[in-house]
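Heads up: the structure comes next, in structure tokens.
The values are calculated or read from the model by the stated rules, or taken from the named source; none is laboratory data. Owing to the predicted nature of the structure, the values given are computational and were not obtained by experimental measurement. Reconstructed Cβ throughout: ideal geometry from the backbone, glycine too, with neighbour counts over all protein chains shown. These area figures cover heavy atoms from the full protein model, side chains too; ligands, DNA and RNA do not enter into them. Shrake-Rupley method; radii C 1.70, N 1.55, O 1.52, S 1.80 Å.
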Amino acid sequence: FAAPAWGRRRPRNGRLAALLLLAFLTPGASTGGGGGGGAASAGSFVEKARELHKQGDLSGAKKAYKKAAKLSPRLGDAVYGIALIAEEQGHHEEALASYERAQALDPYSQAGDRAKELAKLVAVAPVRLEPQEQKAALAAIRQVMPPRASGVSASSGADDEGCGGQTPAYLRAWREALPEKLLNAIQEGFATFFQHKHFNVEGQMTYWHAKGKFKKPRNAVELAIYKLRPLVPIPDEELVGAEWWPRRHVVKQGMNLHVDQDLTTDRRLQKFPAYSSILYLSDGGATYVLQQTVDLSGGLVPPVPHNSSVAYPVRGMFAVFDGHLVHGVMPPAAPSKGHREVLVINWWRRKPSAPACNELPRSVASKHVLGKEALKELAATSSSRERIGMKCMTPEDLQDGDHFSTFGHIFNVPLPVP
């Protein structure tokens, strides 16, 4: 069974100057009047597109990237930008084609890696199998799984939890974990956080909030961490802080299976967060938490998961699970529009390494500081906060359905999904 690339953090590729120089030197960039004027003009459109992208104007940015690509067809930065926006808009075929063209123009770019990752994300989606295909898939599953081992616990409101002790619940979940006012305040900062996360040159991907500052929140996210802390079962003497970041993607895209980890250490107890958690700010694809982890060499243990827990998100729900478990997002089987927004919070026994994880920069934090009265008002608001029970599904229940997924070709056989 092929193991996925588990790394969530990677160094930034600061190659803008080299790419622009290449654009000036290529024949396609220097033709058409003025000895290189076309490339210079294309470069200005790329810069304009990046600014519009930072501001969240995807349509305007895409038009500017396309103008740059028309002026200088061999400018890989422009084609790569078109691919990024097409992916963000959920236009997967266009994105894959543009990534492939960008990779051909510049073999050293990240376009090839992005194309592979997007192809996996698209392949996560559940598909319907014909009866004969289902029969073959189930026969293959029985060869690699012990009898009566598989099952799913789903957060859908039932009272029994843990499937009678046969299939443990791998996550805990609460509905209306935070009041609506606080959810709105969190989302107000998303645009700024996304802009910094995706466009900073330091390589920072996530934000750190030390435990010593939990009782003195400055913004809505830090207040949410303080209010959610009692739901996370890590002893206070072990907890050192919380790592957080926003996520937003089109609902139909899903997310490939992975584990959150600090790639800079080989010490197993320090490599993974103690607990991972998700605050859902919208509905969308279900979160899958598998009875599976990875060893230090990156191999899957066990190779095929026997059990899993599934959380079907609604706005305001909060889910917590062990930080070493493999998890991902399964998009809805039926076509669905819109975006899925969540706040991811990992709870650590040690701070993950910089520069990938650092405190929120002052220049960003200053835009979202809440005054004492605003914080006091938000802190005073409450929600019903109700623990969600788990509805248990047996292997027979799963086999009665016709939806299967290879989870992005990670498993050699399609697995049945609810």
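Checked against the criterion of being modelled with pLDDT under 65, in contact with a Gly (Cβ under 8 Å, 6 or more places away or on another chain) and within 18 Å of Glu133 (Cα to Cα), the candidates Pro416, Pro395 yield just one match: Pro395. Selection within region 100-122: residues that are in contact (Cβ under 8 Å) with a residue 12 or more places away in the chain and in a loop (DSSP other than H, G, I, E, B). The member of this set that is farthest from the chain's Cα centre (by Cα) is Asp106.
Listed by position, the helices (runs of 4 or more DSSP H) enclosed by region 173-244 that each have at least 1 residues that are closer than 26 Å to Tyr312 by Cβ and modelled with pLDDT of 95 or more are 180-188, 220-228. Of all the criteria given as (1) modelled with pLDDT of 90 or more; (2) in contact with a Gly (Cβ under 6 Å, 6 or more places away or on another chain), the one not satisfied by Met330 is (1). For region 366-392, the set of residues classified as in contact with a strand residue (DSSP E or B) (Cβ under 7 Å, 6 or more places away or on another chain) and at pLDDT below 90 consists of Ile388, Met390, Lys391, Cys392, listed by residue number. Output the number of residues of region 197-208 satisfying the condition of being in contact with a helix residue (DSSP H, G or I) (Cβ under 7 Å, 6 or more places away or on another chain) and surrounded by fewer than 19 Cβ atoms within 10 Å (Cβ to Cβ). The number of residues fulfilling the criteria is 1. Touching a His at 6+ places or on another chain (Cβ under 8 Å), open to solvent by less than 20 Å² (accessible area, probe 1.4 Å) and not hydrophobic (A, V, I, L, M, F, W, C): is that true of Gln253 in this structure? Against the criterion (touching a His at 6+ places or on another chain (Cβ under 8 Å), open to solvent by less than 20 Å² (accessible area, probe 1.4 Å) and not hydrophobic (A, V, I, L, M, F, W, C)), Gln253 qualifies. For region 40-51, the criterion of a residue being of a type in the set (Lys, Arg) and surrounded by 18 or more Cβ atoms within 10 Å (Cβ to Cβ) is satisfied by no position. Being under 27 Å from Ala311 (Cβ atoms), modelled with pLDDT under 90, crowded, with 18+ Cβ neighbours inside 10 Å and of a type in the set (Gly, Ala, Ser) is the requirement here; does Gly401 meet it? The answer is no for Gly401. Once region 84-93 is narrowed to residues that are on the phi < 0 side of the Ramachandran plot and either modelled with pLDDT of 90 or more or touching a strand residue (DSSP E or B) at 6+ places or on another chain (Cβ under 8 Å) (or both), the residue that is surrounded by the most Cβ atoms within 10 Å (Cβ to Cβ) is Glu88. For Ser297, the conditions (1) surrounded by fewer than 22 Cβ atoms within 10 Å (Cβ to Cβ); (2) under 18 Å from the mean Cα position of the chain (by Cα); (3) among the hydroxyl-bearing types (Ser, Thr, Tyr) are fulfilled apart from (2). Within region 349-395, if we keep just the residues that are among the basic types (Lys, Arg) and more than 28 Å from the chain's Cα centre (by Cα), the residue that is most open to solvent (accessible area, probe 1.4 Å) turns out to be Lys372.
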